[in-house]
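The values are calculated or read from the model by the stated rules, or taken from the named source; none is laboratory data. Just so we're clear, the structure is a prediction, and the values are computed from it rather than from any experiment. Cβ sites come from the backbone with ideal geometry, for glycine too, and all protein chains shown count toward neighbours. What goes into the accessible areas is simple: the full protein's heavy atoms, side chains included, and nothing from ligands, DNA or RNA. Shrake-Rupley method; radii C 1.70, N 1.55, O 1.52, S 1.80 Å.
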Amino acid sequence: MINTIIKKITYPVILSGLFYRIVKTMFLQIGKGRIVIRKTILHQIYFCAVEILLLLGTIGIIFGALVIIQSLAQLSKVGGSEALGQFLVVIIIRELGPMITAIIVILHSGTAIATEVGYMTVLGDIRAITMRGIDPIHFVAVPRLLGLTIGMLSLLIYFDVVALLGGFLVSWFFTGIPFYNFIMNVATIIGGDDIMIGFIKAAFFAAIIVVICIFRGFGVEGKITKLPVAISRSAIECFLFILIVDIIISAIFYL
Amino acid sequence: MKPHAIECINISYQKDGHLLLKDVNLALSPGQRVILYSESRLAASIFLQICGTLLEPKTGKMWLNGEYINFKNERILLKLRRKIVFNDRRTSLIQNLTVFENIALSSVYHENLSPKEAHMLLDPLVKMFNLERLLPLRPSDLDPGMKRRILYVIEATKKPELAIFIQPESDNDRPLYMLLNYLQEASDCACMIYTESMSLIERWGDEVVVLKEGVLSPPMDKASFLVSLKEEPNEKLNTQG
């Protein structure tokens, strides 16, 4: 019981240590194996970002539309329909954008990373990499961290744009607001801070996803039966840690 | 004078309360070919994993080509592993790379060669092991014999100081002898094979060291070892050498 509690408490410290090791390796071994690393980064960006554009776009439009429908329903009661853009900015760009993007990335790419690294551990790939004098952290973790971070930031911009578009379509349908007015309404409210904080959140979320999934993947330790547990744990822990970090970042910047 | 390819002093290893290695000493010169003979597969495997820098001994010190092995420093270990061929039944290919990518990985990664340059560099080895047609395939498309040949080519791409083999798959495996000969000719590396195969001992080993109850004998002449085996089958693991 005490051991379990100690493990739970020290877990974030272990993850921080792994993150530090990945970042340190990234800078210490900069330029090493650049052809292989670049290929893996590009593959990661393609897998994590390009492959889910359609899915995330659909979700973005739906969420943008839902936010506007709910906002319209409430704001029309108090005659504040012109504040629609403000609602979109506050809800989509500040909170939902990074969060929804992160959840989709966890489901699509996070679990895939945990599975891939778990298989690499079970099938002896990690040992084979080590025996060739290659640091598995540099070969496996660094390109995934870079690829996923670039992918997350790109997806966040994409999600925000698509969600705003979805919001506009619903607003236009119900209120006939012209596109120019809607965009100007959004543009006057949206600040550089909002975009920057969204990027900060996305970068943190990407780091959390990669570190947890890599850690769980390496932890399979040659036992294939541990793999399903590692995958489900990594998804749950990613979600939990992202919620906690989201609250902390929002509290720091908005309170 | 060239330093020893590997030198171990007072290596000990304990697992689950059992002392598997007791103050083991070994020094191999470049080009020396030694067979490790042991009644305990576990002890032999652990000793060779220690020599291959994959396991840290509980006590003792080791040098590879005169360089002290600090098991705490992962960067130094990674550098040293490029000078060691370590081949056991768990050695595998990287599954999501093609055969060519597997073979060329070290060159592309460590020397920043382009795949085309790596192909040109490795072409003689690929031809020597007759792997041209396998290059675009993935490990899952291959049978165990093919995989073994590819692993041998990967080992041959290194310029090792030390080659370690744990129970090679087949004692009449032509590619194995091709690799062993290539390694010795190309880099004059010391070689240690753990085997119980008499044909491999007779055909390839120069000297034999015997590991019994955690104690390693000094290297003995192959002929003396084979005679002792025939004369005293019950005492075949005599550690006196």
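State to the nearest 20 debye the size of the charge dipole of chain B about its Cα centre, where the only charges are +1 on K and R beta carbons and -1 on D and E beta carbons.
600 debye
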Would you look at the GNM of chain A, springs on alpha carbons closer than 10 Å, and say which of A:71, A:234, A:109 moves the most? A:71
For region A:2-254, the count of lysine pairs 8 or more apart or interchain whose alpha-carbon atoms are under 26 Å apart comes to 10
Can you give the mean number of other chain Cβ atoms that lie within 10 Å of the Cβ atoms in peptide B:83-94? 3
Peptide B:148-156, shielding by other chains (average Cβ, 10 Å cutoff): 1
Longer than 28 Å from Cα to Cα, which of B:15/B:230; B:2/B:222; B:2/B:159; B:158/B:212; B:83/B:116 are they? Say none if no pair is. B:15/B:230; B:158/B:212
Computed [θ] at 222 nm, helices only, for chain B once each DSSP H run of length n ≥ 4 contributes -39500 (n - 2.57): -11500 deg cm²/dmol
Under 5 Å between amide H atoms, partner at least 5 residues away or on a different chain: which partners does residue B:14 have, H built in plane at 1.01 Å? B:20, B:58
Label point distance in nm, residue B:74-residue B:174, each placed 7 Å from Cα along Cα→Cβ: 4.3 nm
Taking all protein chains in place and a 1.4 Å probe, what share, in percent, of the accessible surface of the protein assembly as shown do carbon and sulfur account for? 62 percent
Express in whole angstrom the spacing between the alpha-carbon centres of region A:46-96 and region B:64-79. 56 Å
Run the helix sum for chain A: -39,500 (n - 2.57) per DSSP H stretch of 4+ residues, divided by residue count, reported at 222 nm to the nearest 500 deg cm²/dmol. -27000 deg cm²/dmol
Give me the aspartates and glutamates in straight-line cross-link reach of residue B:127: C-alpha distance below 20 Å, same-chain residues under 8 apart excluded. B:101, B:117, B:141, B:143, B:155, B:173, B:185
Between A:44, A:86, A:70, where does the largest GNM mean-square fluctuation fall for chain A, given springs only between Cα atoms within less than 10 Å? A:70
From the backbone phi of region B:50-64, what are the Karplus-calculated ³J(HN,Hα) couplings (6.51 cos²θ - 1.76 cosθ + 1.60, θ = phi - 60°) in whole Hz, Gly and Pro given as x? 5, 4, x, 6, 8, 10, 8, x, 6, 9, x, 10, 9, 10, 10
